[in-house]
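K.L.:
Take a look at this one; I'll ask things after.
The values are calculated or read from the model by the stated rules, or taken from the named source; none is laboratory data. Quick caveat: nothing in here was measured; it's all calculated off a predicted structure. Quick reminder, even Gly has a Cβ in these numbers, built from the backbone with ideal geometry, and neighbours come from all protein chains shown.
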Amino acid sequence: MVGEYKIKSDLIYKEKGCDECNQTGYKGRVVISEVMAINDNIRQLMAKNATYNEIRDAARKNGMDTLF
């Protein structure tokens, strides 16, 4: 488990600083992210503080594909 997210992968890198990256460990890294379109249904769920699972299920019904 990485951070608070459950990521199943054998290929997870941890940052390691150097002088070239100013000790951040992130120079040359590429971000892979997921984008979820917010429609009226999801907006309403968010407004009523719906659970993660409720929002995820609504997004999937709306056609969202996840990275996993």
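K.L.:
Need pairs with beta-carbon distance below 8 Å; first residue more than 11 Å from residue 34 (Cβ to Cβ) and within segment 52-68, second among the polar types (S, T, N, Q) and outside any loop (DSSP other than H, G, I, E, B); sequence gap 6+ or separate chains.
P.N.:
Here the result reads 58/41; 62/41, each pair linking segment 52-68 to a residue that is among the polar types (S, T, N, Q) and outside any loop (DSSP other than H, G, I, E, B).
K.L.:
What number of residues within segment 37-57 satisfy the criterion of being at pLDDT below 95 and among the small types (Gly, Ala, Ser)?
P.N.:
Number satisfying all stated conditions: 1.
K.L.:
Kindly provide the set of residues from segment 16-53 that are small (Gly, Ala, Ser) and under 24 Å from residue 65 (Cβ atoms), ordered by number. Before the answer, list the steps.
P.N.:
First, the residues of segment 16-53 that are small (Gly, Ala, Ser): 17, 25, 28, 33, 37, 47, 50.
Correct list: 33, 37, 50.
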